[in-house]
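Reading through the structure tokens given below for one structure.
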Amino acid sequence: MGSSTLVAMLLADGRLPTGGHAYSAGLEPAMMGGLPASSVPEFLRARAVTSSRVEAGTAVAARHAVLTGADVRSVDAAWAARTPAPAVRDASIAQARGYLRLAVRLWPAASSLAQMRGASWSPSRSVVVGAIAAEAGLGADELVRVVIYDEAATAAGALLKLDPRDPAETTKWILDTCEYAEHQVASLSTITEPAGIPGAGTPQSEEWAQRHSRATHRLFRA
């Protein structure tokens with residue numbers, strides 16, 4: 001399907017029918033936990049070098065596993081070990097189902113995607129995105145940028161519902177976040193083994209996510 005640039009644009013599009021509108025990339029849990037809206041730019045940058053780093057590294061490792069015929073499930077296990085909060089893992093798996101549903105329609109001949117959809121285990125979103133990248137010819141560096149951008153854009157988009165403001169302001173935050181995280185692209189894009197996935201933990205975000213999962217009044221699933 002088209003060039004790798006087109007695929008990158010597709011994956012970064014918030015209108016992609018994968019259910020992404022139901023997620024805030026941890027922002028609603030953070031704000032419910034006391035994070036003020038004025039601190040969202042710092043929140044975006046912090047995620048870009050911690051949890052987004054884990055997600056991007058996982059996606060790159062999954063891409064490599066699909067391309068080489070290695071065990072993708074070991075990549076998913078490495079991601080889970082670096083994502084201790086059950087609420088965060090559950091949200092990722094739910095998003096992965098949406099990505100797989102779409103991916104098997106767009107790339108029907110992609111055996112890795114079909115196998116994941118019919119597997120007895122449930123892959124994470126980053127593993128599925130990595131598999132899509134492999135099947136669609138997306139480069140590792142492009143993949144890293146897509147993951148970091150998507151996380152920042154998802155959170156910034158959620159803020160417009162949680163604390164409405166000029167969208168031009170949040171758009172600049174996204175660009176600033178991606179520029180802030182650009183120095184990671186080269187190292188993350190060389191990951192080939194599950195052990196190489198960074199272990200950049202975010203204990204406070206994990207705690208917020210767990211509390212948020214039990215909240216009865218919320219706009220987003222996570």
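The values are calculated or read from the model by the stated rules, or taken from the named source; none is laboratory data. Small disclaimer: the values here were computed from a predicted structure and weren't measured. Virtual Cβ from ideal backbone geometry, glycine too; neighbours counted across all protein chains shown. We work out accessible area using only protein heavy atoms, side chains counted, and drop any ligands, DNA or RNA first. Shrake-Rupley method; radii C 1.70, N 1.55, O 1.52, S 1.80 Å.
If one computes P(r) from the Cα atoms of segment 52-168, what percent of pairs lie at distances over 17 Å?
Counting every Cα pair in segment 52-168, those more than 17 Å apart make up 55 percent.
DSSP loop (so not H, G, I, E, B), at most 12 other Cβ within 10 Å: list which chymotrypsin sites (Phe, Trp or Tyr not before Pro) in segment 62-167 pass both filters.
W121
Which whole-number percentage describes the relative contact order of segment 69-222, with Cα contacts under 8 Å and a sequence gap of 6 or more?
Contact order relative to length: 32 percent.
How big, on average over all directions, is the shadow cast by the Cα convex hull of segment 1-96, in nm²?
Here the figure is 7.6 nm², rounded to one decimal.
Ignoring ligands, DNA and RNA, please state the percent of accessible area on segment 55-133 from carbon and sulfur, probe 1.4 Å.
About 50 percent, which is the carbon plus sulfur part of the accessible surface.
Over segment 1-152, calculate the relative contact order: mean separation of alpha carbon pairs under 8 Å at least 6 apart, over the residue count, as a percent.
With pairs under 8 Å counted, the relative contact order is 39 percent.
Tell me, what is the per residue accessible area of the chain in Å², probe radius 1.4 Å?
On a per-residue basis, the chain sits at 45 Å².
Find the Cα radius of gyration of segment 113-212, compare it with 2.2 N^0.38 Å by division, and give the number to two decimals.
Here the Cα radius of gyration is 1.26 times the empirical estimate.
Please state, as a whole number in µm²/s, the translational diffusion coefficient that the Stokes-Einstein equation yields for the chain at 25 °C and 0.890 mPa s, with Rh defined as the Kirkwood radius across alpha carbon pairs.
142
Please report the relative contact order for segment 61-117, taking Cα pairs under 8 Å with a sequence separation of at least 6, and give it as a percent rounded to a whole number.
Relative CO of segment 61-117 lands at 22 percent.
Mind checking which helices in the chain clear 24 Å along their axis (Cα) and have mean Kyte-Doolittle hydropathy of -1.0 or more, DSSP H runs only?
51-68, 86-106, 140-162
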